[in-house]
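One structure is given below, encoded as structure tokens.
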Ligand code: SF4
């Protein structure tokens with residue numbers, strides 16, 4: 001696989017910490033100091049917001065809301081209806097600690113009021129973290145910054161526009177998680193929570209009809225491929241990478257979660273290889 005990288009992509013890869021050939025040796029990672037500085041700059045504001053932000057899913061006297069069965073008909077909801085259903089969902093205990101539901105973000109402007117945004121790419125992560133819970137947006141904070149750099153290296157942008165002028169920007173990408181509410185202490189999602197929440201992601205995929213799905217992390221891969229790969233729950237992520245899976249006919253490429261890549265800098269090159277595979281599937285070899 002040849003990589004004819006332009007200067008922008010080389011710069012983005014360097015921000016990811018992926019080394020590309022250069023006659024001048026580069027430092028191991030320029031990303032970490034920037035991420036550390038960014039985290040320090042936002043931490044006071046986040047702490048302040050955490051102190052004053054109301055718990056969304058509690059009664060006026062502070063008691064936890066009672067759980068309610070998920071409403072019927074998710075499989076036939078339109079995009080606004082699905083957004084409303086998620087925003088008011090109390091189908092699992094995660095509703096009791098959340099500040100915001102995190103439906104997802106991205107894509108190009110919807111062609112109609114009831115239509116989903118246009119998005120050839122769907123990025124799927126695990127669940128909202130603390131900062132995502134505060135903002136109501138997926139992949140914010142240091143992991144989100146790394147994801148944004150990964151997307152820019154592919155000519156994509158979560159805001160649906162690109163400053164690059166790259167034709168691939170017109171493809172659009174939507175970013176979502178398997179779970180729409182924050183698990184406390186960033187613990188792993190539980191089976192019942194996934195069972196309750198998965199229909200929302202399934203309906204998002206049905207409505208978005210992406211051309212390709214990028215599953216970030218083992219948990220997202222398991223949620224998407226549980227009907228396609230028999231032993232998916234016992235396979236390490238490394239065994240799921242490097243091949244093209246299918247979710248209801250849609251190509252799925254598995255890669256590392258950005259939060260993991262922040263801890264395992266040596267695997268960033270593998271992540272870039274995964275992105276190259278995904279671009280090759282979506283665009284053909286000429287897209288690399
Ligand atoms: S995690 Fe999903 S199923 Fe649970 S309350 Fe939130 S939206 Fe509903």
According to the square roots a ≥ b ≥ c of the eigenvalues of the Cα gyration tensor, what is the shape class of the range 221-288, taking rounded for a/c under 1.5, prolate for a/b larger than b/c otherwise, and oblate for the remainder? oblate
Can you bin every Cα-Cα distance in the range 187-241 into 5 Å intervals starting at zero and give me the percent of pairs per bin, rounded to whole numbers? 4, 16, 27, 27, 18, 7, 0
Report, please, the projected area of the range 75-282 averaged over directions, based on the convex hull of its C-alpha atoms, in nm². 11.0
Using Cβ counts within 10 Å as a stand-in for footprinting exposure, how do 77, 216, 279 rank, fewest first? 77, 279, 216
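Values in this text are rule-based calculations from the coordinates and carry no lab data. All figures in this text were calculated on a predicted structure; none of them were measured in a lab. Please note: Cβ atoms are built from the backbone with ideal geometry, for glycine as well, and neighbour counts cover all protein chains shown.
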